[in-house]
Every structure is written in structure tokens, then in C-alpha cells.
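To keep things clear, I will list the structure first and then write my remarks on it.
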Amino acid sequence: MINYDIVIVGGGPAGLAAAVCAKQNGIDSILILERDKELGGILNQCIHNGFGLHTFKEELTGPEYADRFIRQVKDLGIEYKLNTMVMEVSQDKIVTAMNREEGMFGIQAKSVILAMGCRERPRGALNIPGYRPAGIYSAGTAQRLVNMEGYMPGREVVILGSGDIGLIMARRMTLEGAKVKVVAELMPYSGGLKRNIVQCLDDYGIPLKLSHTVVDIKGKERVEGITLAQVDENNRPIPGTEEFYTCDTLLLSVGLIPENEISRGMGVEINPVTSGPKVNESLETNMEGVFACGNVLHVHDLVDFVSEEAAAAGRNAAAYVKAAAGSGNPADSDTVSTDAAGEQSTDNSGAVEVIKDTIEAHEIRLIPTAGVRYTVPSTIRPDHMDENLTVRFRVGSVYKNCYVSAYFDDERVIHRKRQVVAPGEMEELKLTKEQILQYPKLKTITFKVEEE
Amino acid sequence: MEIKNLICINCPMGCALTVEMEGQEVVSVSGNTCKRGDTYARKEVTNPTRIVTSTVRVAGGEADMVSVKTKEDIPKGKIAECIKALKDVQVQAPVYIGDVIVTDIAGTGVDIVATKNIELTLPLLG
């Protein structure tokens, strides 16, 4: 059995940033497992610009953003395996993986970082009637075909769903010579970023039909056309509003689902709202030493926030490995003392730890309600908290001139004005350790959207 | 007097902006909630520019396509011409991020540069 301190499942933006940060926090034994033939994940097919505005203060394309992190991984000498599929992670952190060179093999990890990302919701999840002809693609598949393989999926296109990938592909297919006839969105608002609606649809005169859906697909061998209809407030098609569009291609941009088969298999508890693991302030799942970050945890709009979140997971995994070595395994204790750089190192005295635990060790539950659909994290242990903690969440519909608030038990402590919040744009509130320690008996923090 | 309607892209608010124009001159901007909307509207109606991204073919590389972009933003009206000029471009691997693929695309004075590294295909062993 091969041994590593930290095994990272997935070499996309989350896995790369987690690896870099874990290494910078003193862990040398790190392995990234990536199933594709290159690092960088989905960024490799996102050739449009707009990445990195927060992280690097410049607008990069996806491959350029990925390269910044890939270079760090290589410069830091972090190990990775490509073309390697993780089959399973066991409860005692044995990672079973396979590739062409080594066949099936096991790796014993001290800590595992889940960074598998997400996948697209397929047609099968939508209940669209009609045959199953060629010409129906998820927007991301079309993106890969056009941008990486150099193939055009079709010439006349209708797009269902106004997620960002669909909007980006509306522009991309138009530039490559296709006629994108319409983008239909079931909801009364778009699921994509505003700038993508303006720069991908409005710039090219592509209509966006809100509260519309596909009610029929015509064509047996190949898509010949689709029928759109308006929907009522219960999302039921309204008879008499049907419109037929001839097209040879239907792209679906109808949502992303975190890819948590491996997580579920090892017993990680999943939040039904995000379809991602439930995590504490350290981004640690209910399984000790198993962390999650990026789109496998909850689907993000901006990669910058994935990198930020993943860095925290990497840092926390490093701290976990060091603490475990300090408390249990004498063989590793010398590495701990040399690695404990600067910040409060609790590794050397078990007695102090116990006393501290009885004073502060309790868990605060984060409760999303009144317009807030979920929070990441779900719980906070004040004694494990860094000085600052970013709580990320999404709202359930569009609210204008509202406040996002956090109640510490019954007291409203944070109350921030927002001109608009929308489901398509992730929100965040920052908590400080100092703030939380002022409430030693705090049980819950409730997050709400409040309209004046 | 000409009226142009825009949606501001600076934040999720998406203010509906109305710009009054007198020829090429902006007379007024309304509908914006903050200063950024005003700035965006003035630039967008007088000189809208975009970074254009696309792909070109690569010969002898690990991948068949390499992603590219205009090094700086170009006038919006030049996008179609820029894409057309890239249609038959093919480069030889290896290609690295920042390599100039086409100089002065569509007479804009802006170069097209690679945004991805494509290494040479390794010769097959045996």
C-alpha cells in the first residue's frame, strides 16, 4: 500500500488550489488524482475570458487561470497522477484508484480532500416528451466539442436553460457560424450572470424567453425542430402559447449536480439542498479528516471563490494531518515541531487541549430560512475557527432592496443592505471569531433575507 | 436626440439604463443606481469594446485545437471580422500561453495570442 498524508480527488480548480495551500502549510506528502489527461478540469474548455478578476485582478481565460495553479503545483513539486479514476474511498481513508499503467491500486491517506466538481443535469432529468434523436447535447458537451475537439454540433440551435454555460455557448456557436434562434428559460429570471446575458445574448441579438420551456422535440433520427410554450406560475405549459422553431440542435443548460458518488460511498452525509457534503467551519465532512471544496461541495458561479474555498480546505487538511501526528504517532512528532510555523500550535500539549475543549468545544448550527436556501458551512465549532470565516449561501428567488441578516440565536447581529439578490449569484457574509466568542452559549446562527 | 437602452453589467442589480445621445455626444445617463452604471453606459454607447476568444487548429500537438484571445479588447464592430480572419489559421506545435498567433488582427492593431500550452506529440515508441 502506498501512503500519502493528503490525497486529493480531482485536479480541477478546487483540487489544485487545495494542493498548493496544503503544501504551503507544511505538508510534503500530497497526491492529486485526476481522471482526465491533463490538470485544470473544466477550465480547459472554458476558453472565454472573465476568470480571475478577484484572484489575480485581471481577466483571464479558463486555460490561463488553470495554468497559474498548474504552474504552482509543478513548481512546488506536488505529485499528481493523470488518466486515473478513483473508484472508491473507504471509511478508513484507503483510496482505490485505477489507470492503464498501474491497474487497480490502493493508497492509504491520512486526510482526503474531495474535489470532484459537478456534472450537468441531463435530458433524462427533465421529462421532455418526444423521440430521442441525435442533436441533443448538454451545453458543456457542446463546449468541449467546439473548443477542444474542433467540431460543430450543429447549424441551427435552440438552447433550453439560461445557465452560464448555455449563454456562453450561444455566443460561441454564433461566432462559429451557427444560427442560435432562441434561449428558453423555465423560470421568470435567468440562472446566469448578468454580464453573460448582455455580452452573449444581447450583443448578438439572441432572444431570451423567460417562463418558457420545451414541450416537444420533432425528429426521429436527428432533431428537426422543437416546440416552445410559455408556462404559468406552476411551471405548467399554457395551451395556445406554443411556437415551433426549426433547428438541428438542442443544447441543455439546466443545472449542475455535484458529483458525490464517492462521498456517499464512504458515508459522507449529504445536504439535500446543495447535493454536496454537509461541512463544518473547516470544510470537513462528518467523516473526520475528509474535507470538501469547490463544485462538489456546492455549485459556484465564479472560479475565484472556488480557489478561495479550496485553499481553506487545503489549509485545514494540513492542520488536521499535523494535529493527528502530534497527538498520536510519535514517529511523526519531529515533523510537527518543525512545521508548526507561527500560528497557535496546539499540537504539543494534550492536557491543554482537553481543558480548552470543555470550555469552548460546542457546535453552532447554521440555519438557512426566509429566502436563504442553504449555507456552507452547516456548523461552526468556535474553538476550531480561524479569525475570519466566510459563510456562502444562495437565495431562493429575486429580492430587491433587501437585507441579508444573521441572527445569533434571537439577536440580529449582521444586517447588510443588498440592492438585489438573485439565485444565480452566490451571496456571502463574513463572520469573525471575535464576534462569535462574545456569545459563549450560542447555539444557532440563522440566515435570512429581510425586505425592509 | 437619440435614446439608447442598455442593461448595466457591473453587478446583479442589472439596472435598465437610458442614454440620451446627441450625435456622438452623450447628453445624459439615467436609470443607474451608482457611478459605475454611468461610466459603463458612456463607454458602451461611444466605444464598446470586447476581448474576443476563439480557437485555431494546431498541427503536430497533443491537442488539435489551441484556444486564443485578442491581447486587448477590440471594437465590438470588429468581432465578426476578427473571427473570420482566424478561420483558416493553423499553427505548429508546440504553442505556449502568450505566443502571438496572428499580428494586428482585422486591422485593429491588436495581436491574437495563445491562451493554452500545447506540447508536441511524443513520437510513438517501438
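The values are calculated or read from the model by the stated rules, or taken from the named source; none is laboratory data. What you are looking at is a predicted structure, and each value in this text was computed from that prediction instead of being measured. Cβ: placed from backbone, ideal geometry, glycine included. Neighbour counts: every protein chain shown. Accessible surface is based on the protein model in full, side chains and every heavy atom, while ligands, DNA and RNA are left aside. Shrake-Rupley method; radii C 1.70, N 1.55, O 1.52, S 1.80 Å.
So if each residue of separation counts as 0.36 nm, and I subtract the Cα-Cα distance between A:Lys441 and A:Glu363, what length gain in nm does that give? Let's see the in-between values first.
Values: separation 78, 0.36 × 78 = 28.08 nm, distance 0.99 nm.
Result for the pair: 27.1 nm of gain on full extension.
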**Request:** Give the distance, in whole Å, between the Cα centre of segment A:252-282 and the Cα centre of segment A:157-191.
**Result:** 27
**Contact surface A-B: accessible area buried, both sides summed, square angstrom, 1.4 angstrom probe** = 2400
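How about segment A:47-146: which GluC sites (Glu not before Pro) there are in a DSSP loop, with at most 13 other Cβ atoms within 10 Å of their Cβ? Write down the numbers at each step before the final one.
Details: sites: A:Glu58, A:Glu59, A:Glu64, A:Glu79, A:Glu88, A:Glu101, A:Glu102, A:Glu120; in loops: A:Glu58, A:Glu59, A:Glu101, A:Glu102.
Here the sparse-neighbourhood loop sites are A:Glu58, A:Glu101, A:Glu102.
Per residue of A:196-209, what is the mean number of Cβ atoms on other protein chains within 10 angstrom of that residue's Cβ? Working shown, then result.
Values: counts 1, 3, 7, 4, 0, 0, 3, 4, 2, 0, 0, 0, 0, 0.
Across A:196-209, the average partner-chain Cβ count within 10 Å equals 2.
How long is the gain from A:Asp75 to A:Asn127 if the chain were fully straight, where each residue apart is worth 0.36 nm and the alpha carbon distance is subtracted?
Details: separation 52, 0.36 × 52 = 18.72 nm, distance 4.82 nm.
So the extension gain works out to 13.9 nm.
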**Item:** Inter-centroid distance (Cα atoms) of segment A:1-59 relative to segment A:300-325, Å
**Value:** 11
**Prompt:** From the residues A:Leu251, A:Asn271, A:Val395, which one has its Cα farthest along the dipole of chain A in the positive direction, the dipole being from +1 and -1 charges on Cβ of Lys/Arg and Asp/Glu about the Cα centre?
**Reply:** A:Leu251
**segment B:2-47, accessible surface, carbon-and-sulfur percent (1.4 angstrom probe)** = 52
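So which trypsin sites (Lys or Arg not before Pro) in segment B:1-94 pass both tests, a DSSP loop state and at most 12 other Cβ atoms within 10 Å of the Cβ? Walk me through the numbers on the way to the answer.
Values: sites: B:Lys4, B:Lys35, B:Arg36, B:Arg42, B:Lys43, B:Arg50, B:Arg57, B:Lys69, B:Lys71, B:Lys76, B:Lys78, B:Lys84, B:Lys87; in loops: B:Lys71, B:Lys87.
Answer by residue number: B:Lys87.
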**Message:** What are the ³J(HN,Hα) couplings of segment A:87-94, residue after residue, when phi is run through the Karplus curve with 6.51, -1.76, 1.60 and θ = phi - 60°? Round to Hz, x for glycine and proline.
**Reply:** 8, 6, 10, 8, 4, 8, 6, 8
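Which percent of the accessible heavy-atom area of chain A goes to carbon and sulfur, probe 1.4 angstrom? Before the final figure, lay out each step's value.
Numbers: 9680 of 19750 Å².
Its accessible area is 49 percent carbon and sulfur atoms.
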**Message:** Can you give me the C-alpha center-to-center distance between segment A:400-452 and segment B:49-126, rounded to a whole angstrom?
**Reply:** 46
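Dipole magnitude of segment A:373-430 about its Cα centre, charges +1 at Lys/Arg Cβ and -1 at Asp/Glu Cβ only, in debye to the nearest 20? Mind dumping the intermediate values first?
Numbers: 10 positive and 9 negative charges, 82 e Å.
Taking the Cα centre of segment A:373-430 as origin, the dipole is about 400 debye.
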**Request:** Report the accessible area of A:Arg416, computed with a 1.4 Å probe over the heavy atoms of all protein chains in place, in Å² rounded to the nearest 10.
**Result:** 120
**Complete:** For segment A:166-269 the chymotrypsin sites (Phe, Trp or Tyr not before Pro) that pass both the DSSP coil test and the at-most-15 other-Cβ-within-10 Å test are A:Tyr189
**Prompt:** Of all DSSP beta bridges in segment A:47-190, what percent run antiparallel (nearest 5)?
**Reply:** 70
**Karplus 3J(HN,Hα) series, Hz, for segment A:406-422 with 6.51 cos²θ - 1.76 cosθ + 1.60 (x for Gly, Pro)** = 10, 9, 8, 6, 9, 9, 7, 9, 10, 8, 10, 6, 10, 5, 7, 10, 9
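What part of the accessible area of segment B:53-114, given as a whole %, is carbon or sulfur when the probe is 1.4 angstrom? Numbers along the way, then the final one.
Values: 1330 of 2930 Å².
For segment B:53-114, the apolar C and S fraction of the accessible surface comes to 45 percent.
Find the Cα radius of gyration of segment B:2-47, compare it with 2.2 N^0.38 Å by division, and give the number to two decimals. Intermediate results must be reported in sequence, preceding the final value.
Numbers: Rg = 9.6 Å, N = 46, 2.2 N^0.38 = 9.4 Å.
Cα-based Rg divided by the globular estimate yields 1.02.
Past 21 Å, Cα to Cα: identify those pairs from B:Lys4/B:Lys35; A:Lys400/A:Lys443; A:Lys400/B:Lys35; A:Lys37/A:Lys81; A:Lys194/B:Lys43; A:Lys194/B:Lys71, in the order given. Working shown, then result.
Details: B:Lys4/B:Lys35 18 Å; A:Lys400/A:Lys443 30 Å; A:Lys400/B:Lys35 19 Å; A:Lys37/A:Lys81 9 Å; A:Lys194/B:Lys43 18 Å; A:Lys194/B:Lys71 24 Å.
Too far apart for the 21 Å limit: A:Lys400/A:Lys443; A:Lys194/B:Lys71.
Which percentage, to the nearest 5, of the DSSP beta bridges contained in chain A is antiparallel? Mind dumping the intermediate values first?
Numbers: 56 of 93 bridges.
Among the beta bridges of chain A, antiparallel pairing accounts for roughly 60 percent.
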**Asked** Given a 1.4 Å probe and the protein chains all in place, what does the accessible area of A:Tyr137 round to, in Å² to the nearest 10?
**Response** 50
**Prompt:** Distance in nm between label sites at A:Ser327 and A:Thr432, each 7 Å beyond Cα in the beta-carbon direction?
**Reply:** 2.9
**Fill in**
Placing each pseudo-label 7 Å from Cα in the direction of the beta carbon, A:Asp36 and B:Lys76 end up separated by a distance in nanometres of 3.1
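What translational diffusion coefficient, in µm²/s and rounded to a whole number, does the Stokes-Einstein relation yield for segment B:68-126 at 37 °C and a viscosity of 0.692 mPa s, taking the hydrodynamic radius as the Kirkwood radius over Cα pairs? Spell out each step's value before the answer.
On the way: Rh = 12.6 Å.
Approximately 261 µm²/s, per Stokes-Einstein.
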**Prompt:** Taking H as built 1.01 Å from N, whose amide H comes closer than 5 Å to the amide H of A:Val231, not counting residues under 5 places away?
**Reply:** A:His212, A:Thr213, A:Ile238
**Asked** According to a simple spin-label model (label point 7 Å from Cα along Cα-to-Cβ), what is the distance in nm between B:Asp88 and B:Ala59?
**Response** 1.4
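About the Cα centre, and with charges only on the beta carbon of Lys, Arg (+1) and Asp, Glu (-1), how big is the dipole of the protein assembly as shown? Nearest 20 debye, please. Mind dumping the intermediate values first?
Working: 62 positive and 79 negative charges, 266 e Å.
The dipole magnitude comes to about 1280 debye.
For an R0 of 41 angstrom, estimate the FRET efficiency from the Cβ-Cβ distance between A:Ile2 and A:Asp202 and round to the nearest 0.05. Walk me through the intermediate numbers first.
Numbers: r = 53 Å, r/R0 = 1.29.
Taking R0 as 41 Å, the efficiency between A:Ile2 and A:Asp202 is 0.20.
Just from its helices, what would the mean residue ellipticity at 222 nm be for chain A, if runs of 4 or more DSSP H residues each count -39500 (n - 2.57) and the sum is divided by every residue, rounded to the nearest 500 deg cm²/dmol? Working shown, then result.
Numbers: 9 runs with 97 residues, N = 452.
Computed ellipticity for chain A at 222 nm equals -6500 deg cm²/dmol.
Give me the inter-chain shielding for B:48-61: mean count of other chain Cβ atoms within 10 Å, whole number please. Don't jump to the answer; show the numbers that get you there.
Details: counts 1, 0, 3, 6, 3, 13, 7, 8, 1, 1, 1, 0, 0, 0.
Other-chain Cβ atoms within 10 Å of each residue's Cβ, averaged: 3.
Using only the heavy atoms of the protein chains and a 1.4 Å probe, how would A:Glu242, A:Glu38 rank by accessible area, largest first?
On the way: A:Glu242 95, A:Glu38 45 Å².
Result of the area sort, largest leading: A:Glu242, A:Glu38.
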**Request:** Arrange the residues A:Met85, A:Met148, B:Met1 by how much accessible surface each exposes, largest first, with a 1.4 angstrom probe.
**Result:** B:Met1, A:Met85, A:Met148
**Solvent-accessible surface (1.4 angstrom probe) belonging to A:Val273, in square angstrom, nearest 10** = 60
**Message:** I'd like to check one number: the per residue accessible area of chain B, probe 1.4 Å, reported in Å² as a whole number.
**Reply:** 54
**Asked** Expressed as a whole percent, how much of the Cα-Cα distance distribution for the protein assembly as shown exceeds 47 Å?
**Response** 17
**Message:** From the phi angles alone, apply the Karplus equation (6.51, -1.76, 1.60; θ = phi - 60°) to segment A:272-278 and give each ³J(HN,Hα) in whole Hz, x where the residue is Gly or Pro.
**Reply:** x, 6, 8, 6, x, x, 7
**Asked** If the chain between A:Met85 and A:Ala134 were fully stretched, how many nm would it gain, using 0.36 nm times the residue separation less the Cα-Cα distance?
**Response** 14.8 nm
**Asked** Considering only A:Asn196, A:Thr141, A:Ile206, whose Cα is most displaced toward the positive end of the charge dipole of segment A:64-218, charges sitting on Cβ of Lys, Arg (+1) and Asp, Glu (-1)?
**Response** A:Ile206
